[in-house]
Every structure is written in structure tokens, then in C-alpha cells.
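This report concerns only the one structure given below.
Every number in this text was worked out from the coordinates using simple rules, so none of it is lab data. The model shown is predicted, which means the values in this text are computed figures rather than measured ones. Cβ placement follows ideal geometry from the backbone for every residue including glycine, while neighbour counts extend to all protein chains displayed.
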Amino acid sequence: MPATRQYEVMFIVDPAADDDEVTRITENFKQIITDQGGSVTRAEPLGRRQLAYEIHHKKEGTFVDLELDGSGREITELERRMRVNDRILRYLTVRLDEHRRRADKLKDRRARKAAKRPFAPAPATRREAPELTGEDDYEA
């Protein structure tokens, strides 16, 4: 059995679809993932937002974010279904385990560098400016 990987899938639903239809589409996609042997760890509807550019003459769409664990077979089927669904304007799949592993590696490297770095010397004290007192400080 292939190793389990973490994925994030974000898709944009046609703005003509009402909230019930968006929920039904999301539940359908979650069912596809579980049928293929994966598991959905997070499903978050992000709401209706304006698009950066027009897609099929639409200026806004409903964004939905899914985070899942699986072998990759689920992603193949999910993307195939999204491609043929007319209500899905765009979708994007990102493998999270690579990014998280890379971020952890960078964090460890920064921590090691910080541990090697000697403590910075205390900042130098500022000299105070002489106070202006009396009339002789001002020239007329």
C-alpha cells in the first residue's frame, strides 16, 4: 500500500449555485475521497469572494477548502470529477506533507543557527542632550 500523504484541495464553485448546492457538491467530493480509501481531515467553506480575474464571464465564486489524507488515487478521481462538473470553475491541489517537511527543516536550521550565535552585546547607552536653561542659551 502506498504511503499516506496530506493534500489540500481548494475549488471555486459557480456563484449561481446556492448554499445548499455548494454543500451537496462538497459532501459528494468527501464521499468520493472516502470511497477511494482516503479521509477528509478538514472541510471548510470559505464563502463567496471576488475573483482576481473573470472565469467563464463570472467575477465571483464560492470557495471551498478540503484537507485530506490519502495515497493519491483519491486525488486522481476527485480531479477527474471536478474537471467534468460544470459548477466547478477552478480547482487546485497541493501536497502539504512536502511543504510542511520543508518548513520544519527550515525552522530547525534557524533554531540551530540561533543556538550557535553568541548573544548580542547590550545596546550602547544614549548620551543625553544638554538641557537648555536660561536666556543665555538663545541668541537674539
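Odds and ends about this structure:
- Under a model in which nothing but the beta-carbon of Lys, Arg (+1) and Asp, Glu (-1) is charged, the stretch 1-57 shows a dipole of about 300 debye around its Cα centre.
- For the stretch 5-100, the relative contact order comes to 47 percent (Cα pairs under 8 Å, sequence separation of at least 6).
- Using the Cβ-Cβ distance between Glu77 and Asp108 with R0 = 30 Å, the FRET efficiency computed as 1/(1 + (r/R0)^6) comes to roughly 0.25.
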